[in-house]
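Here's the structure, in structure tokens; my notes come after.
The values are calculated or read from the model by the stated rules, or taken from the named source; none is laboratory data. Computed from a prediction, not measured in an experiment: that's the story for all the values here. Here Cβ is always computed from backbone atoms with ideal geometry, including for glycine, and neighbour counts include all displayed protein chains. Keep in mind that these areas ignore ligands, DNA and RNA; they rest on the heavy atoms of the full protein, side chains included. Shrake-Rupley method; radii C 1.70, N 1.55, O 1.52, S 1.80 Å.
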Amino acid sequence: MHLPLRRAPFPANMAVEVDPAPVAAPRLIALNDTLAGTLGLSPDWLRSPEGVALLSGQARIEGVPAMAQAYAGHQFGQFVPQLGDGRAHLLGTLSDNQGQLRDIQLKGSGPTPFSRRGDGLAALGPVLREYLVSEAMAALGVPTTRALAAVLTGETVWRERPQPGAILTRIAASHLRVGTFQYFAAREDHDSLRFLCDLAIDRHAPAAREAENPVRALYETVVAAQARLIAQWMSLGFVHGVMNTDNMTLSGETIDYGPCAFLDVYRHDKVFSSIDRNGRYAYGNQPKLAGWNLARLAETLLPFIDPDDDRALAWAQEALGRFHTLYHEAWLGFMRPKFGLTTQEPEDASLIGALLDIMEGEKVDWTLSFRRLSRSEPLLDGPSSETLDRWMTDWQARRARDTASADSQMALMRRSNPAVIARNHRIAEVIDAAERGDFSVFEALLERIRQPFDDDADYETPPQPDEVVQATFCGT
Ligand code: AMP
Ligand code: MG
């Protein structure tokens, strides 16, 4: 098959040409046929030995070298001037059936000059986790990188214990990160920053090209996209876990699924990641930290925002200030439908906040509670409380004032409150089974998360106390 893959447009200081590592016995364990189709790639070909060679990093394409991209980043608040793709290879770019450019990247495909002390590999568990969670997010309508395929490498990866090695093929609108800009800002390399701005505008903010100052317009586009993204995460109870600046995209797609998780029991300060000791990236901190990351992005763009430093800073502060307003509006935009509301009233935020307080006090499951609301079922397993009854009366009064009919409110709620998410204990079951060579549990969960708004008595059930996953790991 002719592969419509093009070389990524990076000069040598932005990405290093490096081949993926040889693997002992590549075996395809998952292929996203639908996604392959949108990329103009034949699923049958991807399943063939040639296709599996591509997906395991064994194919060499004339004129399209694999590359590891350079980036820096603030990790838990500390600036690291050089991170880069230490276990990922960008294979190239292609146009999807909408004419949008997409990056194809392998993750877990061997060491690169950016590997530092890492082995460049990925274990099966984290690969399946990223596959499932990114596809769950896509099914929920969240902007995200996608999973095209997963292969077992036949190699052993040494973590706390020996694990099967695997490679994920990921598709992204781009791999431009806040940290990519920071890398060149730290080196005061304005030409490279200008190049990155042009690339980001082409891919993610084409309208900015026409603006009086395209870089300002780019920044505004990124701020708006991130405000919307984080609001959507919050509405779904998603905790990214490692919102370092190198894990935040210019495209507004969710990227780098490591120790991420969907909330079971709702707690505003919930942390899953075993490495997030101070709770920097707790559920409730995500909007604030997204703003912090966007401030770091603004710093890299100042020279292009205005030749006068003070004016550049003043403009950036104002643009960043809009993040919190945009976030709040976007949050309401995602939350109102969860309550069946189609109109806007000034008190909506406090009505919504009041239920969240009750949910937190009652220690109920985030996803199931909203699904119960949309089925007119009691929220609590035990007897209701006076506070909850009072809230229900307020909510009914609010719904009565809404212009949508009761039926269409219910329908709206059913398509805004998923029944099935990629629950942590389910992912743990998938990984356990897969490490024993049984991929049927993975396939069953994958099929279910693709229809998140269909009721499913089995998959919507929260974990039993002994099934609750307390901590998630990067697995790197
Ligand atoms: P992440 O936690 O995935 O955002 O990765 C943070 C940084 O560590 C990136 O520069 C990665 O490329 C690098 N990294 C993570 N795991 C490995 C590994 N197994 N080998 C080499 N580099 C790694
Ligand atoms: Mg990362």
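For G86, the test of being closer than 16 Å to R177 by Cβ, without any contact (Cβ under 8 Å) to a residue 60 or more places away in the chain and not hydrophobic (A, V, I, L, M, F, W, C) is passed. Counting just the residues of the stretch 103-121 that are over 18 Å from H240 (Cβ atoms) and part of a strand (DSSP E or B), which one comes out nearest to ligand 2 (Cβ to nearest atom)? It comes out as Q105. The requirement of being in contact (Cβ under 8 Å) with a residue 60 or more places away in the chain, touching a Gly at 6+ places or on another chain (Cβ under 8 Å) and more than 16 Å from ligand 1 (Cβ to nearest atom) is fulfilled nowhere in the stretch 235-255; no residue meets it.
For the stretch 315-365, the set of residues classified as part of a helix (DSSP H, G or I) and of a type in the set (F, W, Y) consists of W315, F323, Y327, W331, F334, listed by residue number.
Within the stretch 303-312, restricting attention to residues that are assigned to a helix (DSSP H, G or I) and of a type in the set (D, E, K, R), which residue is most open to solvent (accessible area, probe 1.4 Å)?
Initially, the stretch 303-312 is screened for residues assigned to a helix (DSSP H, G or I), giving 303-305, 309-312.
Then keep just the ones that are of a type in the set (D, E, K, R); that gives 309-311.
On the way: D309: 120, D310: 117, R311: 141 Å².
Ranking the candidates gives R311 first.
Here Q58 does not qualify as within 30 Å of R277 (Cβ to Cβ), modelled with pLDDT of 95 or more and polar (S, T, N, Q). Scanning the stretch 274-302 for residues that are of a type in the set (S, T, N, Q) and open to solvent by 10 Å² or more (accessible area, probe 1.4 Å) returns S274, N278, N285. Taking the stretch 61-103 as the region of interest, how many residues are surrounded by fewer than 18 Cβ atoms within 10 Å (Cβ to Cβ) and closer than 12 Å to F10 by Cβ? So the count comes out to 0.
Just give me the residues in the stretch 244-274 being assigned to a loop (DSSP other than H, G, I, E, B), of a type outside the set (F, W, Y), under 10 Å from the mean Cα position of the chain (by Cα) and within 10 Å of ligand 2 (Cβ to nearest atom), in sequence order. Correct list: M248, I255, D256, G258.
Out of T34, T112, report the one residue that is over 20 Å from F195 (Cβ atoms), outside the structural domain of S192 (by TED's automatic domain parsing), of a type in the set (V, I, T) and free of Cβ contacts under 8 Å to residues at least 24 places away in the same chain.
On the way: T112 fails: free of Cβ contacts under 8 Å to residues at least 24 places away in the same chain.
Going through T34, T112 in turn, the sole match is T34.
Look at the stretch 1-19: where a residue is closer than 21 Å to A200 by Cβ and a partner is open to solvent by 50 Å² or more (accessible area, probe 1.4 Å) and small (G, A, S), sitting 6+ places away or on another chain with Cβ atoms under 8 Å, you get R7/G63. When P126 is tested against (1) within 12 Å of ligand 1 (Cβ to nearest atom); (2) touching a Cys at 6+ places or on another chain (Cβ under 8 Å); (3) open to solvent by less than 10 Å² (accessible area, probe 1.4 Å), exactly one condition is not met: (3).
Being open to solvent by 10 Å² or more (accessible area, probe 1.4 Å) and either at pLDDT below 95 or touching a strand residue (DSSP E or B) at 6+ places or on another chain (Cβ under 7 Å) (or both): is that true of E212 here? Spelling it out, it is not the case that E212 is open to solvent by 10 Å² or more (accessible area, probe 1.4 Å) and either at pLDDT below 95 or touching a strand residue (DSSP E or B) at 6+ places or on another chain (Cβ under 7 Å) (or both). Among the conditions (1) buried (at least 16 other Cβ atoms within 10 Å of the Cβ); (2) closer than 16 Å to T112 by Cβ, the only one that A12 does not satisfy is (1). If you go through the stretch 107-155 and keep only what is hydroxyl-bearing (S, T, Y) and more than 17 Å from L55 (Cβ to Cβ), you end up with T112, S115, T144.
Among helices (runs of 4 or more DSSP H) entirely within the stretch 396-455, having at least 1 residues that are of a type in the set (G, A, S) and touching a residue at least 24 places away in the same chain (Cβ under 8 Å) singles out 406-414, 424-435.
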